[in-house]
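*Asks:* One structure, as structure tokens, below. Some questions next.
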Amino acid sequence: MITGSFDFAPLLRPGLPPAAAKWTGLPKYNFIGGNNDAHEVPVAGLIAAVTAVLAREGATLANYGLASGPLGYRPLREFLVAKLKRDAGITCGVDQILITSGSLQALDLVNGVLLAPGDTVLIEQETYQGALTRLARLGVKAVGLPLDRDGLRLDALAAALDELKRRNVRAKYIYTIPTVQNPTGTIMGEARRRELLALAQAHGVPIFEDDCYADLIWDGRRPPALHALSPQGDVIHIGSFSKSIAPALRVGYIVAPEDMIARLLALKIDAGSGALEQMALAEFCAAHFVEHVPRLAHALRAKLETMMEALAEQFGTAAEFDDPPGGIFLWIKLPDAVDTQKLAAAALAAGVAINPGPEWSTNKPYAKSRLRLCFASPTADEIRAGVATLADVCRREFGVPVRSANVAKS
Ligand SMILES: Cc1ncc(COP(=O)(O)O)c(C=O)c1O
């Protein structure tokens, strides 16, 4: 253990974010983050895959980038070319895919190529916190646009694009999570996707499509990706293996035209993403992805049902939510009196971690009484007990729900 007392504080560069809090272990009831179901990680399949691929190609680890060059392990890109065609209708080649260290690195690279302080981007009003914090840190103005049950509202987008045009501002991109939106869970239908593209093209604004959750749809049916519907090369598409296989592997990807890939690659100065996880994924997914994903989705759907039942039992009509068509999150509205940031702090003290709505929205007052719960990583028993504890804390702090499990509480 280092016990010295050298003071780095005067040396730190200005503008750093606050220091990270020390990790104190997982909360007892963990409903935060995008964690996966531990029982559904295909451990045996990954062991077999990594053993086979290392026995066959292990010597290539001697080279940065293996024998595949800087875009990432070629068999993984070949798997993606076929998968994206089959599932999302995307036509691309291996040279239009860049493997990244999670899709968070994809977000950083795309932002790094396109954004400068003072720029404007258009995003969904409720959106991924990781996207919001990055934009804030870059000094970029993020204009939030409301969603409905079909995703991003195009009347709001049209109005925002017109307003920017009037002010002579060209937005750098429209960031959307069209296929199982985070946090709302909506899937944008094909007709709206086509309208969105037409609108964006009319204003010369590219689309940044984040398809992080697109594999996790209960009935396995999804509209074509925005990338697939635009032949113009104006859609940058990113995806991830975090939700379909495991987030700790840290493997994501970007699909973009080759000149854009060359720009992104020039910023990817890490000498390549982790090779072993790329090799294991390529080997595992080529043989097992198509059977693994529906099994995972089935398990997640069962957990979602447990969570919806627990909420109905504990919160009754005080918790409003739509039954999402896929994903790992429920986006919940509590009565207006509830401030979910205060609720989150009180719940954490009782061992329940929740994501308060304002952290996932550009509209803080709208999101004040909303929250996001991840149902993928807790067990069914933890979901039931955690939701019951959350209801107790909420009643103590805000007086709602008045009743739980049909029992009036004093
Ligand atoms: C919408 C969205 N995009 C990107 C990410 C980043 O995921 P990863 O870096 O694990 O691929 C997440 C993680 O939860 C997400 O929800």
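The values are calculated or read from the model by the stated rules, or taken from the named source; none is laboratory data. Computed from a predicted structure; not experimentally measured. Using ideal geometry, Cβ is built from the backbone for each residue, glycine included, and neighbour counts are taken over all protein chains shown. What goes into the accessible areas is simple: the full protein's heavy atoms, side chains included, and nothing from ligands, DNA or RNA. Shrake-Rupley method; radii C 1.70, N 1.55, O 1.52, S 1.80 Å.
*Asks:* Inspect all residues belonging to region 9-17 and state whether any of them is within 30 Å of residue 137 (Cα to Cα), touching a Pro at 6+ places or on another chain (Cβ under 9 Å) and not in a helix (DSSP H, G or I).
*Replies:* no
*Asks:* What residue, among those in region 241-295 that are farther than 25 Å from residue 376 by Cα and among the basic types (Lys, Arg), is surrounded by the fewest Cβ atoms within 10 Å (Cβ to Cβ)?
*Replies:* Filtering first and then ranking leaves 263.
*Asks:* Can you confirm whether residue 110 is free of Cβ contacts under 8 Å to residues at least 40 places away in the same chain, of a type in the set (A, V, I, L, M, F, W, C) and under 20 Å from residue 235 (Cβ atoms)?
*Replies:* Spelling it out, it is not the case that residue 110 is free of Cβ contacts under 8 Å to residues at least 40 places away in the same chain, of a type in the set (A, V, I, L, M, F, W, C) and under 20 Å from residue 235 (Cβ atoms).
*Asks:* Could I ask something else about it? Quick check: is even one residue across region 298-306 at pLDDT 95 or above, among the hydrophobic types (A, V, I, L, M, F, W, C) and under 30 Å from residue 402 (Cβ atoms)?
*Replies:* Checking region 298-306: at least one residue is at pLDDT 95 or above, among the hydrophobic types (A, V, I, L, M, F, W, C) and under 30 Å from residue 402 (Cβ atoms).
*Asks:* Taking only pairs six or more apart or across chains, which ones have beta-carbon atoms under 6 Å, a first residue in region 198-225 that is in contact (Cβ under 8 Å) with a residue 60 or more places away in the chain and charged (D, E, K, R), and a second residue that is buried (at least 16 other Cβ atoms within 10 Å of the Cβ) and outside any loop (DSSP other than H, G, I, E, B)?
*Replies:* That search, which allows pairs on different chains as well, returns 210/238; 211/179; 211/239; 215/293; 222/179.
*Asks:* Could I ask something else about it? Take region 149-160 and flag every residue that is in a helix (DSSP H, G or I) and open to solvent by 10 Å² or more (accessible area, probe 1.4 Å). First the steps, then the outcome.
*Replies:* Filtering region 149-160 for residues in a helix (DSSP H, G or I) gives 154-160.
Selection gives 154, 155, 156, 158, 159, 160.
*Asks:* Let me ask something else about it. Looking only at region 21-37, filter to residues that are touching a strand residue (DSSP E or B) at 6+ places or on another chain (Cβ under 8 Å) and polar (S, T, N, Q); which one of those is surrounded by the fewest Cβ atoms within 10 Å (Cβ to Cβ)?
*Replies:* That would be 30.
*Asks:* Return yes when residue 238 is on the phi < 0 side of the Ramachandran plot and either open to solvent by less than 10 Å² (accessible area, probe 1.4 Å) or small (Gly, Ala, Ser) (or both) and no when it is not. Give the steps one after another, and end with the answer.
*Replies:* Working: on the phi < 0 side of the Ramachandran plot: yes; either open to solvent by less than 10 Å² (accessible area, probe 1.4 Å) or small (Gly, Ala, Ser) (or both): yes.
Considered against the rule, which asks whether it is on the phi < 0 side of the Ramachandran plot and either open to solvent by less than 10 Å² (accessible area, probe 1.4 Å) or small (Gly, Ala, Ser) (or both), residue 238 comes out as yes.
*Asks:* Taking region 161-181 on its own, how many of its residues are within 23 Å of residue 113 (Cβ to Cβ) and surrounded by 14 or more Cβ atoms within 10 Å (Cβ to Cβ)?
*Replies:* Residues flagged as within 23 Å of residue 113 (Cβ to Cβ) and surrounded by 14 or more Cβ atoms within 10 Å (Cβ to Cβ) within region 161-181 amount to 11.
*Asks:* For residue 133, state whether it is surrounded by fewer than 17 Cβ atoms within 10 Å (Cβ to Cβ), within 16 Å of the ligand (Cβ to nearest atom), of a type in the set (S, T, N, Q) and under 23 Å from residue 35 (Cα atoms). Please lay out each step first, then the result.
*Replies:* On the way: surrounded by fewer than 17 Cβ atoms within 10 Å (Cβ to Cβ): yes; within 16 Å of the ligand (Cβ to nearest atom): yes; of a type in the set (S, T, N, Q): yes; under 23 Å from residue 35 (Cα atoms): yes.
Against the criterion (surrounded by fewer than 17 Cβ atoms within 10 Å (Cβ to Cβ), within 16 Å of the ligand (Cβ to nearest atom), of a type in the set (S, T, N, Q) and under 23 Å from residue 35 (Cα atoms)), residue 133 qualifies.
*Asks:* Could you run through region 137-148 and say how many residues are open to solvent by less than 30 Å² (accessible area, probe 1.4 Å) and more than 29 Å from residue 326 (Cβ to Cβ)?
*Replies:* Residues meeting the conditions: 1.
*Asks:* Considering only residues that are within 16 Å of the ligand (Cβ to nearest atom), of a type in the set (Val, Ile, Thr), in a loop (DSSP other than H, G, I, E, B) and more than 13 Å from residue 212 (Cα to Cα), which ones fall in region 162-185?
*Replies:* 184
*Asks:* Related question: Mind counting the residues in region 30-83 that are polar (S, T, N, Q) and within 26 Å of the chain's Cα centre (by Cα)?
*Replies:* Residues that pass the stated criteria total 3.
*Asks:* Would it be correct to say that residue 128 is under 17 Å from residue 324 (Cβ atoms), in contact (Cβ under 8 Å) with a residue 24 or more places away in the chain and open to solvent by 30 Å² or more (accessible area, probe 1.4 Å)? Reasoning before the result, please.
*Replies:* Values: under 17 Å from residue 324 (Cβ atoms): yes; in contact (Cβ under 8 Å) with a residue 24 or more places away in the chain: yes; open to solvent by 30 Å² or more (accessible area, probe 1.4 Å): yes.
Yes.
*Asks:* Let me ask you something else. Counting only residues that are at pLDDT below 95 and among the hydrophobic types (A, V, I, L, M, F, W, C), which one in region 38-90 is most open to solvent (accessible area, probe 1.4 Å)?
*Replies:* Only one residue fits best here, namely 67.
*Asks:* Additional query: Do you know which of the residues in region 93-125 that are among the acidic types (Asp, Glu) and either within 16 Å of the ligand (Cβ to nearest atom) or open to solvent by less than 40 Å² (accessible area, probe 1.4 Å) (or both) is nearest to residue 187 (Cα to Cα)?
*Replies:* Result: 124.
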